[in-house]
1. Mind putting a number on the dipole of the chain about its Cα centre? Charges go on the C-beta only, +1 for Lys and Arg and -1 for Asp and Glu, and I need it in Debye to the nearest 20.
2. What three numbers, in Å, describe the spread of the alpha carbons of region 250-372 along their principal axes, ordered from the longest?
3. Select from 53, 238, 354 the residue whose mean-square fluctuation is largest in a Gaussian network model of the chain (Cα-Cα springs shorter than 10 Å).
4. If you rank 1, 348, 116, 81 by how much accessible surface each has, with a 1.4 Å probe, what is the order from largest down?
5. Positive end of the charge dipole of the chain (Lys, Arg +1 and Asp, Glu -1 on Cβ, about the Cα centre): tell me which of 354, 342, 51 has its Cα farthest that way.
6. Heavy atoms only, probe 1.4 Å: what % of the accessible area of the chain goes to carbon and sulfur, would you let me know?
7. When the helix-only estimate is applied to the chain (DSSP H runs of n ≥ 4, each -39,500 (n - 2.57), divided by the residue count), what is the mean residue ellipticity at 222 nm, nearest 500 deg cm²/dmol?
8. Could you tell me how many cubic angstrom of Cα convex hull volume region 1-121 has per residue?
Amino acid sequence: MTPNPFSPDTKRPKTTEGVFSAAEVGLANRNSGLLLETLTRDITPTGAHYLLNHFDVPLIDEAEHRLSFSGAFDAPYSLTMDEIRALPTETLPVTLECAGNGRAGVSPRAYSMPWMYEAVGTSEWTGTPLAPLIARAKPQNDVQDFAFTGADFGFDKGQPHAFGRSLTPDELAALDVMLIWGMNGQPLLPQHGAPLRLIVPGWYGMASVKWLTDISALTTRYDGFQQVQTYRFRKDENDPGRPVTTIRVKSLMAPPGVPDWISRERWLEPGRVTLRGRAWSGGGTPIARVEVETPEGWQEATLDAPVGRYAWTGWHLDWQATPGRHVLACRATDAEGRTQPIEPPFDMAGFANNAVQKTVVHVAQPDAIQKDS
Ligand SMILES: Nc1nc2c(c(=O)[nH]1)N[C@H]1C(S)=C(S)[C@@H](COP(=O)(O)O)O[C@H]1N2
Ligand SMILES: [Mo]
């Protein structure tokens, strides 16, 4: 028998520091981030929404695609895409954020997709509520988990598996889980899960399974790799950890002025500038306050109306920019009083780093800038 070519540690140190490896850069090329300048928009342009795909993107013929309800259901069934699109349709703006967002700012750093700030975005997702479809399949009384399986298959830590996640019956009852086929008024793109995905509003992105093929009712707890071996907060190797679920409160600033190509530090002219950005929290909790740090100290920003219960809130603050180098920052607090830390919280996998973003700006008159000639 040929052995599994991928051992638990194949080319994967546990944590690392300093320069980024070729493997990390390769992951960053496949999994693009939001363009921070689009943080001025309520809805992220589709092409600027972040991507996180563990394996290869399955290119599915939607005429052949079926969603099956299998396992411990009394009335298992399956649906074609035409049948799914004929169901009651809703459109919901939801902010999605990857649990690994901010990982590159945690020290030592987990050896994985090296996100800085960009793994977040808001889309208008079109689909149908999932709960009635599960009820129609008549789950048996002793069901403990519903397992959601994607069409993508690969290896992680030596373990072959299709990407899959689960929710308990209680979680399903508490969350507004949607079955989604449209994004911003267009059909889902292959890289975002076409033809069908889940959106689990208020939770980190890993729960929103793409390329959904099967929903299985289990009378035991689901033990898929992506459910039990990762997406857990762990302080060290021996820590069994706690599952990663709802999104932590966070905010970002759309960088003002214009950038330096490599460093992304900014240049802007002295005078009044409107600083703008977005703030969000998990579990449907509204944003209560955003403070912005300028050389004059922390000041409270003005909040826009939220884009939706599960979507981010815009904020803005007018600042009189004075000449010099400054570090700007923003910090959100949600309606339950949770606020962003200044320093990144440590986690073995670098999950849920919601530390404040810092933006370096250089304020100078145009005539102080050397012309390109
Ligand atoms: N089948 C499948 N679903 C998946 C993933 C995946 O790799 N395979 N990645 C998850 C993760 S970790 C995130 S953050 C979101 C990203 O969704 P997006 O690429 O549409 O932004 O999809 C989730 N659903
Ligand atoms: Mo993610």
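The values are calculated or read from the model by the stated rules, or taken from the named source; none is laboratory data. Since we're looking at a predicted model, the values are computed, not measured. In this analysis, Cβ positions are derived from the backbone assuming ideal geometry, glycine residues included, and neighbour counts consider all displayed protein chains. Calculation scope for accessible area: heavy atoms of the full protein, side chains included, ligands and nucleic acids excluded. Shrake-Rupley method; radii C 1.70, N 1.55, O 1.52, S 1.80 Å.
1. Details: 34 positive and 43 negative charges, 91 e Å.
The calculated dipole for the chain is roughly 440 debye.
2. So the three principal-axis extents are 50, 35, 24 Å.
3. Between 53, 238, 354, it is 238 that shows the largest mean-square fluctuation.
4. On the way: 1 230, 348 35, 116 115, 81 5 Å².
These residues rank, largest area first, as 1, 116, 348, 81.
5. Positive-end residue among those listed: 342.
6. On the way: 9210 of 17580 Å².
The nonpolar share, carbon plus sulfur, comes to 52 percent.
7. Numbers: 5 runs with 30 residues, N = 373.
After summing the helix terms and dividing by the residues of the chain, the value is -2000 deg cm²/dmol.
8. Working: hull volume 25.9 nm³, N = 121.
Here the figure is 214 Å³ per residue.
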